[in-house]
Amino acid sequence: MSTETLMPYDEALERFEPVLGLETHVELGTASKMFCGCPTGFGAAANTQVCPVCLALPGSLPVANEMAIESTIRIGLALNCSIASWCRFARKNYFYPDMPKNYQISQYDEPLCVDGYLDIEIEGKTVRIGIERVHLEEDTGKSTHVGGATGRIQGADYSIVDYNRAGIPLVEIVTRPVEGTDRLAPEIAKAYATELREVMRSLGVSDVRMEEGSMRCDVNVSLMPRGTTEWGTRTETKNVNSLRSIERSVRHEIERQAAILADGGRIIQETRHFHEDTGTTTAGRSKEEAQDYRYFPEPDLVPIAPDPAWVAKLKAELPELPGARRSRLQREWGVSDLDMAAMHNADAVDLVEATVAAGAPPADARKWWMGELARRANESGTALAALPITPDQIARVCAMVAGGALNDKLARQVLEGVLEGEGSPDEVVSARGLQIVNDQGELSAIIEQVLADNSDAADKVRGGKIAAVGALVGGVMKASRGKADAGRARELILQKLGVSE
Ligand SMILES: [Zn+2]
């Protein structure tokens with residue numbers, strides 16, 4: 001792997017402006033493949049989910065999957081696209097060993113959905129990403145290259161091909177060029193993919209598991225020198241398969257291209273591969289000479305002409321989409337744009353919603369998930385949702401605090417106990433003896449002792465230096481091992497010393 005010169009990110013952004021483009025492939029979760037009846041489950045033994053159609057045996061004919069067309073139209077509608085009243089599939093001709101027909105049935109100049117947008121939120125602002133097209137095609141099989149060090153075909157002893165994936169319906173979503181992202185280009189690319197994944201989930205059209213390849217992004221990046229308007233040459237980093245890798249690959253391409261351009265070099269139009277381990281990209285296939293795919297309308301399939309009434313029905317039946325849902329929850333919870341964005345970025349919206357549904361006030365639910373629990377998730381390097389604590393349990397802790405049985409400090413210890421597997425909040429409270437000291441007699445006795453032990457501070461308070469009461473309250477909290485209600489202790493101390501505020 002060559003060691004390339006990089007320009008520090010901030011300097012690169014001072015000198016150049018990035019332009020992004022994202023092409024996302026989403027495998028639809030239909031029960032059967034795009035043009036045959038084969039099942040689509042992930043992880044089956046190689047070449048067990050195949051038939052003459054998806055193996056392209058002579059004489060076999062494709063039949064389009066209606067559910068796949070419906071799902072694509074719903075995706076288009078959710079992305080604010082116009083739906084074509086008439087369009088066709090096209091053959092994209094090229095040779096690849098994992099593509100049995102030697103052409104892919106795709107769509108070319110007549111995509112099913114065009115001209116939409118997806119709004120994303122970043123740093124409290126809405127950014128509108130234009131969607132150029134959404135089209136339907138079939139996936140290829142999967143090649144595995146055995147014996148080499150890199151898993152690539154170069155240096156491999158032999159290759160094996162699994163056609164189970166060949167013919168699974170694939171939707172490709174192509175953005176318009178995204179300009180004006182400035183220093184936020186990596187974050188915007190990631191936020192777009194995140195939002196798109198949530199839209200797919202809410203529509204129920206795909207499991208969008210990036211680690212299994214059911215959603216993957218090709219990330220286009222080019223740079224233009226500040227003060228110019230002509231786009232630079234772009235590179236296309238292929239099949240980036242995690243949200244974090246999307247962000248990192250954009251950042252790396254900006255730093256790499258800036259160094260080349262600043263040195264008087266030129267960017268080669270090519271595909272690139274992203275490497276998770278190093279966070280870098282390396283060159284793939286050159287695209288300097290446009291490949292001629294000799295597209296032509298697929299003669300074995302009838303055109304798609306969706307009935308406008310059907311499209312209108314699908315539109316009316318769309319579920320509440322993630323952006324609209326967040327706006328509604330933000331209104332219901334009365335939180336700011338920034339707080340809502342923070343919850344979204346932390347993947348906490350569902351958790352807070354479930355905690356509120358379990359009876360907690362929104363402000364309390366948010367406080368625990370975004371505070372103590374986010375901190376612990378961060379420390380242990382796990383996702384918030386993966387913490388071993390449930391929204392119901394958080395709601396129970398909130399109820400105990402509201403009822404005066406716990407203060408915040410004790411509540412934190414209860415959460416700690418639950419996270420460490422000591423049982424439910426109630427079990428942790430009794431096992432660790434965390435009930436707040438509410439008993440008037442017990443609290444009073446502690447205060448008497450603290451006043452006796454700190455007569456200097458007590459005299460100062462009697463003499464009018466109310467600020468000195470803090471030391472006494474601190475003494476009470478210490479003597480009660482944190483189990484006293486600090487506000488109540490303060491009231492009682494002032495009362496006993498005959499001082500009013
Ligand atoms: Zn088949």
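The values are calculated or read from the model by the stated rules, or taken from the named source; none is laboratory data. Nothing here was measured: the structure is a model prediction, and the numbers come from that model. Cβ coordinates were reconstructed from backbone atoms using ideal geometry, including for glycine residues, and neighbour counts include every protein chain displayed.
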Task: Extreme residue, nearest to Gln435 (Cα to Cα), among residues of the range 389-422 that are assigned to a loop (DSSP other than H, G, I, E, B) and touching a helix residue (DSSP H, G or I) at 6+ places or on another chain (Cβ under 6 Å) - done: Leu406
Task: In the range 132-171, residue surrounded by the fewest Cβ atoms within 10 Å (Cβ to Cβ) [restricted to those that are without any contact (Cβ under 8 Å) to a residue 60 or more places away in the chain and of a type in the set (Ser, Thr, Tyr)] - done: Tyr158
- [ ] Select, from Gln449, Gln495, the only residue that is under 23 Å from Leu410 (Cβ atoms) and either touching a Pro at 6+ places or on another chain (Cβ under 6 Å) or among the polar types (S, T, N, Q) (or both).
- [x] Gln449
Task: Criterion: among the polar types (S, T, N, Q), out of contact with any helix residue (DSSP H, G or I) (no Cβ under 6 Å at 6 or more places or on another chain), within 15 Å of the ligand (Cβ to nearest atom) and within 29 Å of Leu196 (Cα to Cα) - qualifying residue of Thr48, Thr40 - done: Thr40
- [ ] Of the conditions (1) out of contact with any Ser or Thr (no Cβ under 7 Å at 6 or more places or on another chain); (2) assigned to a strand (DSSP E or B); (3) without any contact (Cβ under 8 Å) to a residue 40 or more places away in the chain; (4) crowded, with 16+ Cβ neighbours inside 10 Å, Arg128 clears all except one; give me its number.
- [x] (4)
Task: Among (1) buried (at least 19 other Cβ atoms within 10 Å of the Cβ); (2) in contact with a helix residue (DSSP H, G or I) (Cβ under 8 Å, 6 or more places away or on another chain); (3) closer than 17 Å to Leu79 by Cβ, the one test that Leu196 misses - done: (2)
TODO: Please determine, by comparing only the residues of the range 143-173 that are out of contact with any strand residue (DSSP E or B) (no Cβ under 7 Å at 6 or more places or on another chain) and more than 15 Å from the ligand (Cβ to nearest atom), which one is modelled with the highest pLDDT.
DONE: Gly155
- [ ] Identify all residues within the range 53-74 that are loosely packed, with under 13 Cβ neighbours inside 10 Å and within 11 Å of the ligand (Cβ to nearest atom); write none if there are none.
- [x] Leu57
Open item on the list: So, Cys81, is that one within 14 Å of the ligand (Cβ to nearest atom), touching a residue at least 40 places away in the same chain (Cβ under 8 Å) and in the same structural domain as Tyr192 (by TED's automatic domain parsing) or not?
Closed with: no
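Rundown of residues vs (1) in the same structural domain as Trp368 (by TED's automatic domain parsing); (2) touching a helix residue (DSSP H, G or I) at 6+ places or on another chain (Cβ under 8 Å), yes/no style:
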{"site": "Ser245", "(1), (2)": "no, no"}
{"site": "Arg251", "(1), (2)": "no, yes"}
{"site": "Glu255", "(1), (2)": "no, yes"}
{"site": "Arg266", "(1), (2)": "no, yes"}
{"site": "Glu270", "(1), (2)": "no, no"}
{"site": "Thr278", "(1), (2)": "no, no"}
{"site": "Tyr295", "(1), (2)": "no, no"}
{"site": "Ala309", "(1), (2)": "no, no"}
{"site": "Asp350", "(1), (2)": "yes, yes"}
